[in-house]
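The values are calculated or read from the model by the stated rules, or taken from the named source; none is laboratory data. None of the values given here were measured: they were computed from a predicted structure. When we count neighbours, we look across all protein chains shown, and the Cβ atoms used for this are built from the backbone with ideal geometry, even at glycine. The accessibility values were calculated without ligands, DNA or RNA, using every heavy atom of the protein model including side chains. Shrake-Rupley method; radii C 1.70, N 1.55, O 1.52, S 1.80 Å.
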Amino acid sequence: MEIIILGDSAIPLYEQIVNQLKDQILQGKLEQGSILPSIRALAKELKVSIITVKRAYEELELEGFVETTPGKGTYVSMDNRERLREIRISQIEEKLEEVVTSVKNIGMDLEDLIERITLIYGEV
């Protein structure tokens, strides 16, 4: 599990952890049932406060990404795989709405947008 913390980012540290763990779960890098590092271990590894990691884990649990069992640890949720995918799709749709609005504002037509998306999709 790789998490990169940027101290000079406008995004709070706990949110950076949350976002990166969500991405790893949605991409399948962290599989359902996988145990996450303990709060103390992750805080030490990332050189952040225990409270920061605790807040990140709590946020992930509230959103259904992880489950915590007292005395056993925090695991990637075995439930809601489809719900997690829907959350990610919703986030993508929001970004696409911004793109479409910008495209319309400059007068680009749908065919040109589709052509550009196809090219970018092929390159990624």
Notebook entry, point to check: Within the stretch 50-80, how many residues turn out to be part of a loop (DSSP other than H, G, I, E, B), open to solvent by 60 Å² or more (accessible area, probe 1.4 Å) and closer than 15 Å to Glu31 by Cβ?
Noted result: 3
Next item on the list: Only residues that are free of Cβ contacts under 8 Å to residues at least 24 places away in the same chain and basic (Lys, Arg): list them for the stretch 1-49, please.
Entry: Arg40, Lys44
Notebook entry, point to check: Within the stretch 94-106, is even one residue surrounded by fewer than 13 Cβ atoms within 10 Å (Cβ to Cβ), part of a loop (DSSP other than H, G, I, E, B) and not small (Gly, Ala, Ser)?
Noted result: yes
Item checked: Lone unmet requirement of (1) closer than 21 Å to Ser90 by Cβ; (2) modelled with pLDDT of 95 or more for Gly28 -> (2)
Margin query: Would you confirm whether or not the stretch 36-47 contains a residue that is surrounded by 11 or more Cβ atoms within 10 Å (Cβ to Cβ), acidic (Asp, Glu) and at negative phi?
Written below: yes
